[in-house]
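Asker: A single structure is presented below for examination.
The values are calculated or read from the model by the stated rules, or taken from the named source; none is laboratory data. Note that this is a predicted model, so its numbers are computed, not measured. Here Cβ is always computed from backbone atoms with ideal geometry, including for glycine, and neighbour counts include all displayed protein chains. Surface areas here come from the heavy atoms of the whole protein model, side chains and all, with no ligands, DNA or RNA. Shrake-Rupley method; radii C 1.70, N 1.55, O 1.52, S 1.80 Å.
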Amino acid sequence: MPKKQERDLTDVLLSSQKKYKPSKKIIKEANVKDYEKTLKQAAKDPVKFWEEAASELSWFKPWEKVFDDSKKPFFKWFTGGKCNLAYNALDRHIETKTKKRTAILWEDEIGRTRKYTYQQLYWEVNKLVNALRGIGVKKGDRVAIYMPNIPEIATAMLACAKIGAMHSVVYAGFSSKALADRINDARAKVLFTADGSFRRGKIVDLKSITDDAIKETKSIKKVIVVKNNNAKIKFNKRLDVWYHDFIKGQPVEAKCAKMDAEDPAFVLYTSGTTSKPKGVVHVHGGYPVGVLRTIKWVFDLRGDEVFWCTADPGWITGHSYIIYGPLLAGITTLMYEGVPDIPKPDRIWKVVEKYKVNVLYTAPTLIRAMMRYGAEWPAKHKMASLRILGSVGEPINPEAWKWYYRYVGKNRCPIMDTWWQTETGMNMITPLPAASLKAGSACKPFPGIIADVVDKKGKQVPVGKGGYLVIRNQWPSMIRTIFNNPKRYIKTYWGQIKGVYFAGDVAFKDKDGYFWIQGRTDDVLKIAGHRIGTAEVESAFVSHKAVVEAAVIGVPDEVKGEVIKTFVILKEGFKPTDDLKIELKKHVRKTLGPVAVIKDIAFLDKLPKTRSGKIMRRVLKAKELGQELGDTSAMVN
Ligand code: WTA
């Protein structure tokens with residue numbers, strides 16, 4: 001076993017002993033003061049727990065039934081109820097004094113800022129609703145959004161939800177091909193984009209990427225372009241319209257669609273084990289119930305707060321905790337378009353200080369990157385406003401946890417390590433501020449969630465032993481189906497271990513019932529917290545003329561958590577040169593987008609395979625890491 005892994009493991013074992021107890025102040029201020037009691041109470045009747053949570057939202061018509069499992073695994077929540085996701089996130093605040101509060105604070109890398117109160121955001125969204133209705137967007141349509149982290153991504157999402165059209169946000173680090181595939185799968189009618197975005201001082205030319213994508217699609221009737229940085233773009237008069245022209249003169253009031261609780265609100269594509277991403281569907285009723293309850297309890301929100309989630313709206317973390325969560329709770333969300341270390345490594349801490357951020361929710365990869373720069377950078381800034389810290393996206397190693405705790409939270413702010421997924425919609429395994437913490441553990445399931453660690457047959461494994469992470473019950477903000485592919489929904493999540501939701505992660509529980517998540521069991525990678533399928537990367541390699549076959553594995557990396565290593569078999573006539581490696585890396589970047597950074601390529605003559613022809617990535621990985629090969633009886637070569 002390599003040295004780093006050995007150290008990490010010892011670290012984990014030691015961490016499982018030490019507990020970080022919440023301070024009296026934290027408990028006094030907590031929304032949930034008695035952690036264990038609340039867990040126990042919710043466990044007695046989770047459906048009742050979620051019903052109570054749903055009563056915090058506004059309903060046009062109350063539900064008739066809280067939970068319906070008559071068509072398993074197509075579970076339903078709050079059936080008969082009428083509501084709207086955008087109404088709950090925005091419209092209802094206009095009837096209260098929240099309308100005067102700042103909804104969105106925005107800053108970009110070059111220091112430009114903007115600010116919207118709830119009232120202003122409401123007007124902006126309504127103008128867009130009217131303009132979209134004007135071009136025929138209606139309930140049930142799909143709208144693709146390919147934008148940077150700017151306020152208009154929020155107005156676009158909210159406007160769709162208000163109309164009852166499903167938004168499909170595609171992360172702006174994906175390529176034109178990836179965007180086209182997602183537009184085609186959803187048959188999106190309209191596409192939102194921007195002329196460009198700033199990243200590390202450079203302009204990312206989003207518009208030309210969307211232009212390329214449009215060539216591969218037939219369904220898009222209109223492209224709405226935000227002028228974000230005056231980049232020179234090609235403007236197609238038939239198809240394109242500037243966002244500001246599009247909403248010009250539109251009324252500031254608009255009718256809100258009354259949706260059934262189970263009507264789909266959005267689709268968000270995520271990677272699975274095949275090369276085709278899955279369109280995860282979330283609904284108007286249950287999704288906000290889970291998101292609001294978690295953001296309030298996990299981050300202890302109250303009143304006038306500034307919440308900064310450093311993710312991108314293109315991922316579920318951004319959907320739930322940059323856009324919908326903070327707005328559902330009526331607080332201020334901070335959107336920062338850029339990287340955390342430009343112009344200097346303390347940009348992130350500067351932003352915390354400047355906006356008096358109360359809750360900072362970020363990813364282990366970012367913490368590790370900041371750790372490398374050193375503790376002197378956060379030390380330069382007063383961050384007294386910080387109360388609670390959060391982590392999400394991948395397991396946080398105890399070393400990074402402790403650094404975050406000490407140098408960012410100054411030993412004062414509890415860290416909420418939240419385990420969850422695109423499919424779960426909300427935080428699932430996470431402490432609450434009043435819980436005792438262990439560095440590197442996601443603590444216990446959120447109240448109303450029953451999680452477990454089991455073997456292949458679904459039997460609980462003993463304490464300290466690794467197994468599959470599963471959820472035994474259902475919850476309101478869970479995935480409803482895979483867009484256009486209900487069979488894949490059944491097979492992926494409910495077909496692996498009988499009767500439970502299969503998450504695809506491995507974990508163990510310690511003697512106190514704390515969960516330690518160890519990573520994916522399937523062929524899904526987590527590169528700097530971003531979810532990418534090995535099959536997607538492999539198919540990008542194989543689309544190059546020199547490649548016959550490719551196998552992708554994730555290898556541990558100090559900062560990114562995991563990086564991609566690829567084993568490639570070349571076609572006859574192609575030489576394994578360094579130039580070819582560079583060309584292949586470029587090709588994959590073009591095919592998949594900058595999210596897929598290839599660290600290393602090795603040329604092989606053959607790949608280890610099973611009799612049925614499946615590549616044994618596990619064997620490649622074990623060899624790469626110098627570990628035991630394990631059971632290789634199925635291997636033919
Ligand atoms: C991983 C992101 C350990 C996990 C919200 C999961 C985590 C996948 C954590 C989902 C965490 C997320 N500790 N692992 N706190 N949070 N993961 O869909 O492997 O992009 O299955 O959702 O991220 O990734 P997704």
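Asker: Inside region 224-329, counting only helices (runs of 4 or more DSSP H) that do not spill past its ends, which hold 2 or more residues that are in the same structural domain as ASP108 (by TED's automatic domain parsing) and open to solvent by 10 Å² or more (accessible area, probe 1.4 Å)?
Answerer: Result: 243-247, 286-298.
Asker: Still on this structure: Checking the conditions here, which among LYS560, LYS526 is in contact with a helix residue (DSSP H, G or I) (Cβ under 7 Å, 6 or more places away or on another chain) and within 16 Å of the ligand (Cβ to nearest atom)? Working first, answer last.
Answerer: Values: LYS526 fails: in contact with a helix residue (DSSP H, G or I) (Cβ under 7 Å, 6 or more places away or on another chain).
Just a single option satisfies the conditions, and that option is LYS560.
Asker: Now for a different question. Given the criteria touching a residue at least 40 places away in the same chain (Cβ under 8 Å), of a type outside the set (Phe, Trp, Tyr) and touching a Leu at 6+ places or on another chain (Cβ under 6 Å), does ILE247 qualify?
Answerer: So ILE247 passes the test.
Asker: Could you list, in sequence order, the residues of region 373-398 that are among the aliphatic types (A, V, I, L, M) and loosely packed, with under 15 Cβ neighbours inside 10 Å?
Answerer: ALA375, ALA379, ALA384
Asker: A follow-up question, please. Does HIS167 satisfy the criteria of being within 24 Å of GLU124 (Cβ to Cβ), in the same structural domain as CYS83 (by TED's automatic domain parsing), surrounded by 22 or more Cβ atoms within 10 Å (Cβ to Cβ) and not β-branched (Val, Ile, Thr)? Lay out the reasoning, then the answer.
Answerer: On the way: within 24 Å of GLU124 (Cβ to Cβ): yes; in the same structural domain as CYS83 (by TED's automatic domain parsing): yes; surrounded by 22 or more Cβ atoms within 10 Å (Cβ to Cβ): yes; not β-branched (Val, Ile, Thr): yes.
It is true that HIS167 is within 24 Å of GLU124 (Cβ to Cβ), in the same structural domain as CYS83 (by TED's automatic domain parsing), surrounded by 22 or more Cβ atoms within 10 Å (Cβ to Cβ) and not β-branched (Val, Ile, Thr).
Asker: Continuing with this model, one more query. When both residues are 6+ apart or on different chains and their Cβ atoms are under 7 Å apart, which pairs have a first residue that lies in region 111-128 and is farther than 26 Å from VAL339 by Cβ, and a second that is among the basic types (Lys, Arg) and surrounded by fewer than 16 Cβ atoms within 10 Å (Cβ to Cβ)?
Answerer: If the second residue must be among the basic types (Lys, Arg) and surrounded by fewer than 16 Cβ atoms within 10 Å (Cβ to Cβ), the pairs left are THR117/LYS100; GLN119/LYS100.
Asker: Of the residues THR481, THR492, only one is open to solvent by 10 Å² or more (accessible area, probe 1.4 Å), more than 15 Å from the ligand (Cβ to nearest atom), under 23 Å from VAL267 (Cβ atoms) and outside the structural domain of LYS72 (by TED's automatic domain parsing); which?
Answerer: Of THR481, THR492, the one residue that is open to solvent by 10 Å² or more (accessible area, probe 1.4 Å), more than 15 Å from the ligand (Cβ to nearest atom), under 23 Å from VAL267 (Cβ atoms) and outside the structural domain of LYS72 (by TED's automatic domain parsing) is THR481.
Asker: Condition (residue is hydrophobic (A, V, I, L, M, F, W, C), surrounded by 23 or more Cβ atoms within 10 Å (Cβ to Cβ) and within 21 Å of GLY390 (Cβ to Cβ)) applied to region 462-470: is it met by at least one residue?
Answerer: So far as region 462-470 goes, yes, one or more of its residues are hydrophobic (A, V, I, L, M, F, W, C), surrounded by 23 or more Cβ atoms within 10 Å (Cβ to Cβ) and within 21 Å of GLY390 (Cβ to Cβ).
Asker: While we're here: Checking the conditions here, which among ILE471, ILE396, ILE449 is farther than 30 Å from ASN358 by Cα, within 21 Å of the chain's Cα centre (by Cα) and not acidic (Asp, Glu)?
Answerer: ILE471
Asker: Can you pull out the helices (runs of 4 or more DSSP H) entirely within region 1-101 that have at least 1 residues that are modelled with pLDDT of 95 or more?
Answerer: Values: elements: 3-15, 24-29, 35-44, 46-54, 85-89.
Per the criteria, 24-29, 35-44, 46-54, 85-89.
Residues are listed down the side, and each one gets a yes or a no for (1) aromatic (Phe, Trp, Tyr); (2) open to solvent by less than 10 Å² (accessible area, probe 1.4 Å); (3) outside the structural domain of ILE316 (by TED's automatic domain parsing):
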residue	(1), (2), (3)
GLU95	no, no, no
ARG112	no, no, no
THR117	no, no, no
TRP123	yes, no, no
GLY134	no, no, no
LYS139	no, no, no
MET147	no, yes, no
ARG187	no, no, no
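Asker: Kindly indicate the residue of region 540-580 that is open to solvent by less than 60 Å² (accessible area, probe 1.4 Å) and part of a helix (DSSP H, G or I) and also nearest to THR422 (Cα to Cα) among those meeting that condition.
Answerer: ALA540
Asker: Just checking, how many residues over region 583-593 are without any contact (Cβ under 8 Å) to a residue 60 or more places away in the chain and either open to solvent by less than 20 Å² (accessible area, probe 1.4 Å) or within 30 Å of the chain's Cα centre (by Cα) (or both)?
Answerer: 5
Asker: Would you point out which residue out of GLY533, GLY529 is open to solvent by less than 10 Å² (accessible area, probe 1.4 Å) and modelled with pLDDT under 95? Steps first, answer last, please.
Answerer: Working: GLY529 fails: open to solvent by less than 10 Å² (accessible area, probe 1.4 Å).
Matching residue, one of GLY533, GLY529: GLY533.
Asker: Could you tell me how many of the residues in region 197-217 are modelled with pLDDT under 95 and in contact with a helix residue (DSSP H, G or I) (Cβ under 8 Å, 6 or more places away or on another chain)?
Answerer: Count: 1.
Asker: Next question. On the basis of being under 23 Å from the mean Cα position of the chain (by Cα), in contact (Cβ under 8 Å) with a residue 24 or more places away in the chain and more than 15 Å from PHE246 (Cβ to Cβ), does MET166 make the cut?
Answerer: Criteria met by MET166.
Asker: If I filter region 599-637 down to residues being open to solvent by 30 Å² or more (accessible area, probe 1.4 Å) and among the small types (Gly, Ala, Ser), which single residue comes out as farthest from THR273 (Cα to Cα)?
Answerer: It comes out as GLY626.
Asker: Using the structure shown, decide if ALA596 is more than 14 Å from the ligand (Cβ to nearest atom), open to solvent by less than 20 Å² (accessible area, probe 1.4 Å) and in a helix (DSSP H, G or I).
Answerer: On the way: more than 14 Å from the ligand (Cβ to nearest atom): yes; open to solvent by less than 20 Å² (accessible area, probe 1.4 Å): yes; in a helix (DSSP H, G or I): no.
The answer is no for ALA596.
Asker: Would you mind stating whether GLY533 is under 18 Å from GLU394 (Cβ atoms) and among the small types (Gly, Ala, Ser)?
Answerer: Here the answer is yes, as GLY533 does meet what is asked.
Asker: For LYS511, which of the numbered conditions (1) part of a strand (DSSP E or B); (2) more than 16 Å from the ligand (Cβ to nearest atom); (3) open to solvent by 20 Å² or more (accessible area, probe 1.4 Å) fails to hold?
Answerer: (1)
Asker: Now, a different point. Test THR310 against the criterion of being touching a strand residue (DSSP E or B) at 6+ places or on another chain (Cβ under 9 Å), at pLDDT 95 or above and either more than 18 Å from LEU386 (Cβ to Cβ) or away from the ligand (no atom under 16 Å from the Cβ) (or both), and give yes or no.
Answerer: The answer is no for THR310.
Asker: Answer yes if at least one residue in region 404-426 is hydroxyl-bearing (Ser, Thr, Tyr), closer than 17 Å to ALA528 by Cβ and away from the ligand (no atom under 14 Å from the Cβ), and no otherwise.
Answerer: Scanning region 404-426 turns up no residue that is hydroxyl-bearing (Ser, Thr, Tyr), closer than 17 Å to ALA528 by Cβ and away from the ligand (no atom under 14 Å from the Cβ).
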